[in-house]
Amino acid sequence: MSQLVTYALPGIPYGCVFALMAVGLVLTYKASGVFNLAFGAQAYLSAMVFYVAVHAGWPKWAAFVVAVVVLGPLVGLVLDRLLFRFTRTAPPLVRLVPALGLLIAIPSITQMIFGIEPKLGPPAVFLNPNMIYFRFAGFPVDGNEIATTVATVVVVGGLALLFRSSGLGLRMRAVVESPRMTELAGIDADRVGAFAWILSSFFAGLAGVLLAPLYAQLSASNFTDLLVAAIAAAAIGGFSSLSLTLAGGIGLGLAQEILSGYLPSGTILSSGLRPALPFIVLAVLLVVVPRFRLGGEVSDPLAACDPPAPSLDPPPRIAVVSRGARIFAIAVAGALVGSALSWVSGNWLFTITQGLVFAVIFLSITLLTGMSGQISLCQATFAGVGAFAAGQLASHFGMSVLGGMVIGGLLASAVGILVAYPARRLGGIALGLVTLAFALLMDNVIFPYSWAGNGASGLVVPRPRLGPISFGGGGAFFWLALFVLGVAGGAVWLIRSGTTGQELAAMRGSEVAAATIGIDVRRLRVVAFALSAAIAGVGGALYGSLQQTVSPNDFAYELSLVFVVVVATVGVRTVSGAIEAGLAFTVLQQIITSLPTRYGSLLAVVFGLAALSYVRHPEGVVAYGKRVVLDMAEKLVVALERGGSSHGSATGSGRDDGTATGTMEPDLAVGP
Amino acid sequence: MSVIEPATVQAPTLLEARGISKHFGGIVALTEISLGVSQGEAMALVGPNGAGKTTLFNCLLGLLRPDTGSVLFRGERIDRLPTFRRGRLGIGRTFQRLELFTGMTPRQHMLVTERVHRGDGRLWKDLLGMGRPRPEERAKVAEVLDLVGLADVADVPVEALSLGHGRLVELGRALSGEPCVLMLDEPSSGLDDAETRLLVDVLNRVRSERGTAIVLVEHDLAMVAKVVDRLVVLDLGRLIADGPVEQTLAEPAVRSAYLGLS
Ligand SMILES: Nc1ncnc2c1ncn2[C@@H]1O[C@H](COP(=O)(O)OP(=O)(O)OP(=O)(O)O)[C@@H](O)[C@H]1O
Ligand SMILES: [Mg+2]
């Protein structure tokens with residue numbers, strides 16, 4: 001018993017911080033429908049500002065006011081006004097992608113502003129963190145434990161008071177407890193939403209400065225991982241009960257420390273299970289407890305009154321324009337392949353090859369998210385399974401990586417089924433959270449084992465041979481990557497235009513209606529994951545073979561989030577979008593490595609901020625750009641024809657011409 | 001006159017609710033509803049807002065699990081069947097709040113339904129390039145599109161369509177599955193007069209040509225009278241009348257509950 005308390009006490013600060021974040025998460029989720037995965041990043045920002053201000057010699061209270069009381073809520077307000085108030089009625093993916101973008105961009109921006117040199121010994125807001133202030137029934141209680149408890153009690157007490165007394169607080173409570181009632185009562189959702197963002201961002205900032213002194217160094221991942229626990233706590237509260245959420249957060253903090261106290265120290269299980277615990281809790285809750293399925297996501301009764309979303313599918317185009325676009329696309333692709341094999345340096349050939357390999361991995365997102373509307377945050381994990389399988393088969397059985405790629409794909413597919421089957425009832429953001437849980441679990445518990453990813457030292461994945469042909473050289477491997485991309489892209493394209501693709505598109509459009517016409521949506525979801533994971537697995541094995549050594553770091557869970565952001569931003573609906581995303585990802589990275597180290601994470605900032613455009617352009621910025629160009633070309637053609645035919649008989653092929661005779665063809669550039 | 005007047009039944013009962021109750025928290029949405037629809041029959045389900053009509057549809061299709069009671073299809077209990085299996089049995093439905101496949105065109109809506117209905121789509125066929133719609137499927141779909149008057153907008157993504165067209169897409173989609181029971185949830189709201197006439201026509205044709213049973217939830221009693229012979233009235237989750245249209249409308253309970261309010 002006394003052992004238990006000794007282990008549990010250090011869990012208090014963690015528990016309080018989890019609880020604060022979780023309460024913020026629930027507030028914004030209920031009030032604005034956004035599951036703000038970026039709170040961890042916001043916490044990091046506040047902690048960083050506090051650190052820098054204190055080190056610059058500011059009094060602690062002033063630093064606290066600036067970092068937490070001013071900056072925290074300000075960030076929340078800006079995000080709501082500029083971004084999230086427009087996404088209330090949007091589909092889950094539109095609400096998720098900008099949050100993911102922020103999660104990726106904010107830590108990088110923070111580092112670019114405040115420098116990348118390590119920030120050691122983060123200061124505490126008040127009390128000396130490690131000093132024992134008193135003994136509670138014989139157990140020592142240190143400054144951290146007191147400080148976090150006091151801060152949490154004060155803030156939560158304040159929130160309770162606010163909910164009880166002020167008008168806005170009452171309305172907010174109504175929104176959180178029953179969005180449906182709120183709609184009936186005509187509460188101004190916009191103002192409540194803004195208020196929720198301010199309040200919850202303040203909580204995030206506070207959690208950030210409270211958490212910082214628990215670690216020796218200020219590092220972004222400590223804060224983003226924090227969010228994981230907060231989500232689990234929110235799930236314990238059923239994503240709506242604030243008091244249960246609070247209790248859940250504190251409980252998780254204690255459970256983590258107790259667990260790590262009792263597990264044998266120094267093993268992968270004990271070092272991995274602790275960070276993975278919240279996600280195991282989350283996954284089990286979401287999958288097992290029916291009430292936790294976020295089926296009835298925030299829906300707005302006015303949704304039907306909004307102007308219809310712009311269509312993502314291409315309008316028919318004038319034949320001349322679509323033929324021109326086709327020729328242009330082929331020319332660009334030809335020029336790219338030609339240059340890769342002739343004049344570009346070996347370094348750039350490698351970069352382009354890497355782009356093709358990422359394109360293969362990204363195709364798995366095209367299929368799963370773009371075509372089927374399923375959110376997965378573990379695509380990098382599937383890629384990792386493929387890569388490690390190929391590496392292990394090569395080193396233990398001397399199998400060629402070509403065979404390893406096939407088996408890796410199959411194995412990844414099996415893993416995909418393993419994830420999707422228990423989660424087959426879940427849709428929307430809940431599915432995203434379960435897959436994130438899975439990624440974290442694999443990352444922390446499975447991949448470090450020597451029979452899997454072999455920890456930090458990683459695995460060797462050789463370049464393959466096929467009879468007399470060796471793919472060891474850069475040029476040969478380029479062809480191999482191009483071939484695999486062609487096969488994967490062709491497969492996705494065939495699936496898309498066949499029965500399965502139609503069914504996936506129907507599931508994406510409306511799961512309820514899809515079931516009503518006789519589609520087994522649950523089975524289809526598992527099928528989509530199996531196919532997608534197979535593609536990711538093949539891509540991962542190819543990636544391993546390109547790099548020649550891979551370690552779990554290459555497939556860390558954060559990377560899955562980056563993948564989704566990159567593909568969604570560039571174009572998630574089409575095969576060409578995946579290829580463009582792959583190339584953009586590696587080429588931009590290559591350009592950035594030539595900049596000073598301070599800008600090393602510029603890519604994250606670029607894509608993170610670009611992801612914010614997803615709200616406006618869910619078809620992807622590149623697809624949108626193409627459309628704009630083609631629209632202009634079309635106008636030009638119409639104008640020219642008008643001008644040319646104004647003297648003769650009207651045989652124009654203008655689209656708005658009532659007697660149009662021009663052939664309408666689907667727009668190629670946005671097609672596969 | 002008794003409150004519940006059983007309709008004269010000759011044809012076998014297709015879809016039947018037996019003692020279905022459903023509540024949401026404190027709200028009682030359905031109380032002990034027993035109701036059957038037989039082959040070729042056209043029946044209207046009316047009642048004021050919140051009477052439980054949509055909830056009854058959802059229970060019949062398995063989108064909601066009733067608290068008590070059971071659902072039968074051709075005399076066999078289907079309570080444990082998931083929605084998609086009930087759809088495959090031949091129960092078609094439209095939704096009051098449109099549930100369209102966003103991003104797809106009306107033609108694609110019909111094509112996918114037709115494919116699913118025939119059930120010969122396979123992943124390996126797709127991968128061999130044999131998954132594209134065949135000419136006979138296209139012809140069939142074109143027929144449905146003509147029938148519901150959507151031929152002009154067949155290739156426009158549904159997000160760009162009017163509410164009325166959206167309802168017709170729902171109708172066409174349900175018809176593409178060649179259902180034996182067609183359940184329509186307020187199909188005429190949002191339709192203009194011409195479209196409403198078309199809707200009445202389509203329903204009458206489908207019923208006479210295919211023998212499809214129709215369950216129509218509708219507020220527009222004038223339209224109802226042109227399609228159905230049997231009228232069932234729900235009020236606050238209770239079934240208060242069931243019988244031929246004229247006769248049911250004359251009942252005092254119906255007059256006070258429904259007509260009084262509308
Ligand atoms: N998912 C739900 N959660 C809570 N209450 C619900 C839910 N669905 C329906 N209700 C309630 O059940 C009752 C019956 O609703 P239902 O939608 O079946 O009525 P209806 O007859 O279709 O009305 P309308 O003519 O407005 O469509 C209403 O009081 C409604 O508020
Ligand atoms: Mg209804």
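The values are calculated or read from the model by the stated rules, or taken from the named source; none is laboratory data. Small disclaimer: the values here were computed from a predicted structure and weren't measured. As a convention, Cβ positions derive from the backbone with ideal geometry for all residues, glycine included, and neighbour counts pool all protein chains shown. Ligands, DNA and RNA are excluded from the accessible area calculation, which covers all protein heavy atoms including side chains. Shrake-Rupley method; radii C 1.70, N 1.55, O 1.52, S 1.80 Å.
Looking at the stretch A:622-639, I want the residues that are under 17 Å from A:Ala578 (Cα atoms) and have a partner that is in a helix (DSSP H, G or I) and β-branched (Val, Ile, Thr) with Cβ atoms under 9 Å, at least 6 apart or on another chain. Which pairs are those?
Correct list of pairs: A:Val622/A:Thr569; A:Val622/A:Val570; A:Ala623/A:Val570.
Any residue at all in the stretch A:530-539 that is open to solvent by 20 Å² or more (accessible area, probe 1.4 Å), in contact (Cβ under 8 Å) with a residue 60 or more places away in the chain and more than 14 Å from every other protein chain (Cβ to nearest Cβ)? Don't jump to the end; show me each part of the working.
Restricting attention to the stretch A:530-539, the residues satisfying the condition of being open to solvent by 20 Å² or more (accessible area, probe 1.4 Å) are A:531, A:534-535, A:538.
Now restrict to residues that are in contact (Cβ under 8 Å) with a residue 60 or more places away in the chain: A:531, A:534-535, A:538.
If we keep only those that are more than 14 Å from every other protein chain (Cβ to nearest Cβ) as well, we get A:538.
Yes, that holds for at least one residue.
From (1) within 14 Å of ligand 2 (Cβ to nearest atom); (2) over 24 Å from B:Asp220 (Cα atoms); (3) open to solvent by 30 Å² or more (accessible area, probe 1.4 Å), pick out the condition that doesn't hold for B:Gly50.
B:Gly50 satisfies every listed condition except (2).
Could you tell me whether any residue of the stretch A:57-65 is open to solvent by less than 10 Å² (accessible area, probe 1.4 Å), in contact (Cβ under 8 Å) with a residue 60 or more places away in the chain and either in the same structural domain as A:Phe203 (by TED's automatic domain parsing) or in a helix (DSSP H, G or I) (or both)?
no
Can you give me the number of residues within the stretch A:115-154 that are in a helix (DSSP H, G or I) and surrounded by 18 or more Cβ atoms within 10 Å (Cβ to Cβ)? So that I can check it myself, show each step before the final result.
First, pick out the residues of the stretch A:115-154 that are in a helix (DSSP H, G or I): A:143-154.
Then drop every residue that is not surrounded by 18 or more Cβ atoms within 10 Å (Cβ to Cβ), which leaves A:143-148, A:151-152.
Final tally of qualifying residues: 8.
In the list B:Val116, B:Val153, B:Val141, B:Val148, which residue meets the criterion of being within 10 Å of another protein chain (Cβ to nearest Cβ) and in contact with a helix residue (DSSP H, G or I) (Cβ under 9 Å, 6 or more places away or on another chain)? Even if it seems obvious, please write down each step before you answer.
Numbers: B:Val153 fails: within 10 Å of another protein chain (Cβ to nearest Cβ); B:Val141 fails: within 10 Å of another protein chain (Cβ to nearest Cβ); B:Val148 fails: within 10 Å of another protein chain (Cβ to nearest Cβ).
Every option except B:Val116 fails the conditions.
Would you pick out the residues in the stretch B:73-101 that are assigned to a strand (DSSP E or B) and facing chain A (nearest Cβ under 9 Å)? Please lay out each step first, then the result.
First, pick out the residues of the stretch B:73-101 that are assigned to a strand (DSSP E or B): B:73, B:76-77, B:91-93.
Those that are assigned to a strand (DSSP E or B) and facing chain A (nearest Cβ under 9 Å): B:Ile91, B:Gly92, B:Arg93.
Give the residue, chosen from B:Arg115, B:Arg107, that is under 30 Å from A:Ile535 (Cβ atoms), of a type in the set (Lys, Arg), outside any loop (DSSP other than H, G, I, E, B) and touching a residue at least 24 places away in the same chain (Cβ under 8 Å).
Details: B:Arg115 fails: touching a residue at least 24 places away in the same chain (Cβ under 8 Å).
When all the criteria are applied, what remains is B:Arg107.
Is one or more of the residues making up the stretch B:96-118 under 23 Å from the mean Cα position of the chain (by Cα), closer than 14 Å to A:Ser510 by Cα, within 16 Å of ligand 2 (Cβ to nearest atom) and surrounded by 18 or more Cβ atoms within 10 Å (Cβ to Cβ)?
Yes: the stretch B:96-118 contains one or more residues that are under 23 Å from the mean Cα position of the chain (by Cα), closer than 14 Å to A:Ser510 by Cα, within 16 Å of ligand 2 (Cβ to nearest atom) and surrounded by 18 or more Cβ atoms within 10 Å (Cβ to Cβ).
Among the numbered criteria (1) surrounded by 22 or more Cβ atoms within 10 Å (Cβ to Cβ); (2) within 16 Å of ligand 2 (Cβ to nearest atom), which single criterion is violated by B:Leu168?
B:Leu168 satisfies all of (1) surrounded by 22 or more Cβ atoms within 10 Å (Cβ to Cβ); (2) within 16 Å of ligand 2 (Cβ to nearest atom) except (2).
Of the residues that make up the stretch A:79-96, is at least one among the aromatic types (Phe, Trp, Tyr) and within 28 Å of A:Gln374 (Cβ to Cβ)?
Filtering the stretch A:79-96 down to residues among the aromatic types (Phe, Trp, Tyr) leaves A:84, A:86.
Next, from what is left, pick out any that are within 28 Å of A:Gln374 (Cβ to Cβ): A:84, A:86.
Yes: the stretch A:79-96 contains one or more residues that are among the aromatic types (Phe, Trp, Tyr) and within 28 Å of A:Gln374 (Cβ to Cβ).
Can you pull out the residues in the stretch A:502-523 that are within 7 Å of chain B (Cβ to nearest Cβ) and among the small types (Gly, Ala, Ser)?
Those that are within 7 Å of chain B (Cβ to nearest Cβ) and among the small types (Gly, Ala, Ser): A:Ala505, A:Ala506, A:Gly509, A:Ser510, A:Ala513, A:Ala515, A:Gly518.
Of A:Ala216, A:Ala230, which residue is among the aliphatic types (A, V, I, L, M) and under 25 Å from the mean Cα position of the chain (by Cα)? Lay out the reasoning, then the answer.
Working: A:Ala216 fails: under 25 Å from the mean Cα position of the chain (by Cα).
Of A:Ala216, A:Ala230, the one residue that is among the aliphatic types (A, V, I, L, M) and under 25 Å from the mean Cα position of the chain (by Cα) is A:Ala230.
For the stretch A:425-454, how many residues meet the condition of being farther than 18 Å from A:Val550 by Cβ and open to solvent by 50 Å² or more (accessible area, probe 1.4 Å)?
2
Of a type in the set (Lys, Arg), within 17 Å of the chain's Cα centre (by Cα) and buried (at least 17 other Cβ atoms within 10 Å of the Cβ): does that describe B:Arg205? Explain how you work it out, then say what you get.
On the way: of a type in the set (Lys, Arg): yes; within 17 Å of the chain's Cα centre (by Cα): yes; buried (at least 17 other Cβ atoms within 10 Å of the Cβ): no.
Answer is no for this residue.
Check the stretch A:446-455 and report whether any residue there is touching a Phe, Trp or Tyr at 6+ places or on another chain (Cβ under 9 Å) and in a strand (DSSP E or B).
Within the stretch A:446-455 (the criterion being touching a Phe, Trp or Tyr at 6+ places or on another chain (Cβ under 9 Å) and in a strand (DSSP E or B)), the answer is no, since none of the residues qualifies.
Just to be sure I understand, how many residues within the stretch B:44-72 are more than 7 Å from ligand 1 (Cβ to nearest atom), in a loop (DSSP other than H, G, I, E, B) and polar (S, T, N, Q)?
Selection size over the stretch B:44-72: 0.
When B:Arg80 is evaluated against the numbered criteria (1) farther than 28 Å from B:Gly190 by Cβ; (2) within 16 Å of ligand 1 (Cβ to nearest atom); (3) out of contact with any strand residue (DSSP E or B) (no Cβ under 6 Å at 6 or more places or on another chain), which criterion, by number, is the only one it fails?
(2)
Are there helices (runs of 4 or more DSSP H) fully within the stretch B:183-256 with at least 1 residues that are out of contact with any Phe, Trp or Tyr (no Cβ under 6 Å at 6 or more places or on another chain) and modelled with pLDDT of 90 or more? List them. Give the steps one after another, and end with the answer.
Working: elements: B:193-210, B:221-227, B:245-250.
Ranges flagged: B:193-210, B:221-227.
Please specify each residue of the stretch B:53-71 satisfying the condition of being away from ligand 2 (no atom under 13 Å from the Cβ), more than 14 Å from chain A (Cβ to nearest Cβ) and open to solvent by 10 Å² or more (accessible area, probe 1.4 Å).
Once the filter is applied, which keeps residues that are away from ligand 2 (no atom under 13 Å from the Cβ), more than 14 Å from chain A (Cβ to nearest Cβ) and open to solvent by 10 Å² or more (accessible area, probe 1.4 Å), the stretch B:53-71 yields B:Pro66, B:Asp67, B:Thr68, B:Gly69, B:Ser70.
Can you find a residue that is assigned to a helix (DSSP H, G or I), under 19 Å from the mean Cα position of the chain (by Cα) and farther than 17 Å from A:Thr224 by Cβ anywhere in the stretch A:31-52?
yes
Considering only residues that are open to solvent by 20 Å² or more (accessible area, probe 1.4 Å) and aliphatic (A, V, I, L, M), look in the stretch A:492-525 and name the one that is nearest to the chain's Cα centre (by Cα).
My answer is A:Ala505.
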